1. Under a 10 Å cutoff between Cα atoms, tell me which one of A:Phe82, A:Phe234, A:Phe183 has the largest fluctuation in the Gaussian network model of chain A.
2. Taking the inverse of the average 1/r across all pairs of different Cα atoms in the stretch A:243-321, what Kirkwood radius in Å do you get?
3. Normalised by the empirical 2.2 N^0.38 Å for globular proteins, what value does the Cα Rg of chain B take?
4. Taking a quarter of the surface of the Cα convex hull of the stretch B:113-188, what do you get in nm²?
5. For the stretch A:17-138, count all C-alpha to C-alpha pairs, find those more than 21 Å apart, and express that count as a whole percent of the total.
6. Can you work out the base-10 log of I(q)/I(0) for the stretch B:416-542 at q = 0.16 1/Å, using the Debye formula on its C-alpha atoms alone?
7. In nm, give the distance between the simple-model label positions of B:Glu425 and B:Ile601, each being 7 Å from the Cα along the Cα-to-Cβ direction.
8. Quick one: what do you get for the stretch B:468-519 if you divide its Cα Rg by 2.2 N^0.38 Å?
Amino acid sequence: MFVQILAITALLFGLGQPVEPTRIQDDDAAWAALYAIVPQHVHSLRARVRVTPITDLPGIASKLEELLPRIAGRSAEPIARFYLGNVLFKLDRFDQAISIFESIQRDFPGHGLNLQLGPTEAAMVAAAIADCREEIETRKTYTVMDLPKAELDRSGRAVFHTTEGAFEIQLFNQASPETCANFKKLVREGYYVGLGFHEVSSFRSMALGCPNTRDENKSIDTWGQGGPAWDLPFELNDAIHEPGAVSMRRSASGRSHGSQFTICLSDQGELNNKQVVFGKVVRGIEVLRRLSQRRVDSKGRPEEAIRITGSEWAEGPPGRR
Amino acid sequence: MHSSDGKRSLLLIALLGLGLALPIWGQEGDEELRQEREARERLIESIPVPEDRDAVAGRFAIGGRQREVTRGEIYDLLVLITRLDGAVQNMPNEDDTWTRLMLVDLADSLGIHVPASELDNRLHRKNPEIFNGIVERWATSGVGQEQGLAYEADRMRIDRLKDFLLTNERQTTHDAFDQFKINRLLYQIDYAGFSGKKHSDALRAEGISDEDLENYWKGNPGIQARFRLPARISGTVVYLDPREYGEEEANTLSQGGTVSRERALAYFQANRERLIASIPPAERQFLTITPGTPIDEIKSPFELVRGTIEKKLALEHLIDDAFKEAIQGGFNSDLPAIAAKHHLHTIEFTDLDRRAAMDSLQKIGVAAFTQLFASNGPRMCGAVLVFEDVRYFFRIDDKKESTIPEFATVKDELRELYYELMGAEAAQEEARSIYGDLAARVATQVAPQREQLEKEANEAADKRIAELGLTNPAEQNRERARSLSRVRLEMDRLEREARPAVFEKLVQERGLELRRSPLFQFDTNREDRSRIEDPEVSRMAFFRTCYQLRAMKPGEVAPAPLEDHLTHEFYLARLVEVRDPELETMGPVDLIQARGQLQQITEARFPREYEYNALAARFGLERF
């Protein structure tokens, strides 16, 4: 009985039939609907621009896809299609982008998007199609990985004390969960207390976390070779080796090391992809820069040990225990 | 706030939104606006009114459609821009009018449109008070409502055009790769090395007599300076550092005396910045309020450092008493004994130079060294001195002035230095002689072209001098120099092109052994090579940071010997190849970084692309 009522209701109200989009009949309204979707940037009188970042490309794509049939025949249509084509390009949907761009060529041959604006430049749509085709070719041999986004977890941080002062590290918990959980655990256990930096390069980077540096009687030749009994998955994310980046060193197995990490004091792009950046120094980078200037031997081992005198896991933003 | 003030503030916001001149609050603001308006009017009066308004001022073409603009249009638009956007500091000029015309035309070509509702919102049309205020401002600037509306509509269209172009920028993987590879290009060079070591070894085998060495010593003050012995001092510092006393010890030594809050506060005020900076990170949390902080936990900076201050002040009598006793006991007082008696610490030092003092006497700060090393001989300081929380006094027992040592004491070390420096000099000479030969042969080879170019340049200069009717010799010379400077650029190019073949021939004739380096990347950071033992590793580290090589093009020969100051080696070098790294070497994180860099570059580049010069070049603007 209920099903029958539902079926009759559906028939009466036309449910189940393809819904005809509500057409926008007015050019002004069509442009207003388009501008409500696409970002606007800030162009100052002093010839500067502040770009509004697009955070939801798929959302914009579906809104534009929904808008297009509604503004069919309106002056905003080719521009809206061009926007959609470029959003699809940014979403790596190159074939679909080409279809959209080709539809502009087919349906609006005399539109400015299909004209050479300057004498030496390609028409905008033609250039877009060329970019899509180039990208399709490139991707045949080159894989673009979608990496987890590295965002600092502000709820807590590791505090390390040295004779020159303290520095604090916050973690990319979501992007590299196992690496961060391991680091947090080691900090809480006091694993790093008493350890010395085993490789220091002035103003460039410092490496910490080898337990062989704790024992003064142990040969410095063993520095950099110690660690816990485990290693960690290589949880690459999109963080780069910029100043302050903290990344796990690699173990011989190719996985991330269990305890040794590098702190970047300047851009160290050559470490990108080779080590997992799992955190960032949020306070005290100047302390590390000062320490990095100590005398080291040819392998970067400090002549006088630079030790961690204390460490703790602290909740809350930097400076708060 | 009065209601008229309220209206005024809304109008202010609206005007700011339009980018119009910002009126300053109150009567002074009105005055400033009036002055600004007058300045604009003066500028408008200075714009020459075209005699023939219909004459063509220039033309450009966008999308294949040519647009001719008359002098009248340019004049009217410049007046309008000046009235609406002119500011004393930034008065528009004709370039701005052309820029605006080209941008509006570009927006037209692309069919960019701004709905009327958006313009209404921008001008607050739904709020008659604000809208009328805007129209009134236009009117006082001599701009009618229709004109103002059309101007604003064009401005918005330009902004939407820029939004459209900026949002639709695409970055391909190859764009990112081009950015990525900038610092990762692979270089390969051919080089011949001239080692100072070979010559030093030969000199060492030959030897140098003491007499000749002494003459070398006497004749080279620069070498003597290398051996100069720095000034050195011996003496004792007695100091009080409150941080070195535990709570209990401090209480006992303070003799039960209490430090008043006023005295502690006065000390805090006098040393405020330093004391706040000294608060350890773990305690800083008590200084700020964040959600959830119990209010009774919040402390003032003074409260946090008060304990330290009190301890310092309570112990001060120890150093004062010790100093008095040392003065009373005369110059030869037993300072360590006095210090011990008053529970103070001492640093005794012998033959300390400034460098060593940095380590030994860091407790009393570098500023104290001036006093310590200023002593001409034994002396006791005249008062208790202060460095941060440390109080101290000192006695210098002996000072040795900076001297040049006797030849006899340094001759062995000097001999080694002599071989090394002379070897380096010989190597440099060898490299220079080859380069001299190279330069001479290149010059000979390009001499006919040089003569021809110089002749042409002089003829051109003479012609220009005649055309300009220059009679003043100084002006004539300037014209000739200008003409010849263009020849120099051309000559540089010719020499650069001729050098590789001449180099090749020279290498063969002289039997030089050219070595080919492996492919290497340049490194902007110079590493400390002093501890690199392997000469090959050290050499490659030198090449990696050698900026002369980086500036060369494939096939080019370095225009001068490359000098490695560390190893005293000199190199003749030719750049063989600059190769792109493989695309696969750009890992996923590199790609993200390169894309981020491209985004930043776009933000910087984009505004420039829509400025006068770029637009004029792009759309073939011709002005008459």
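1. Checking each option, the largest mean-square fluctuation is seen for A:Phe82.
2. Numbers: mean 1/r = 0.0694 Å⁻¹.
Over the stretch A:243-321, the inverse of the mean reciprocal pair distance is 14.4 Å.
3. Working: Rg = 39.0 Å, N = 624, 2.2 N^0.38 = 25.4 Å.
Normalised Cα radius of gyration, chain B: 1.54.
4. Numbers: hull surface 35.3 nm².
So the mean shadow area of the Cα hull is 8.8 nm².
5. Working: 3489 of 7381 pairs.
Considering the stretch A:17-138, 47 percent of its Cα-Cα pairs are separated by more than 21 Å.
6. Computed log10 I(q)/I(0) values: -0.98.
7. Rounded to a tenth, the inter-label distance reads 4.9 nm.
8. Working: Rg = 20.3 Å, N = 52, 2.2 N^0.38 = 9.9 Å.
The value comes to 2.06.
The values are calculated or read from the model by the stated rules, or taken from the named source; none is laboratory data. This one's a predicted model, so the numbers in the text were calculated from it and none came from an experiment. Quick reminder, even Gly has a Cβ in these numbers, built from the backbone with ideal geometry, and neighbours come from all protein chains shown. Accessible surface is based on the protein model in full, side chains and every heavy atom, while ligands, DNA and RNA are left aside. Shrake-Rupley method; radii C 1.70, N 1.55, O 1.52, S 1.80 Å.
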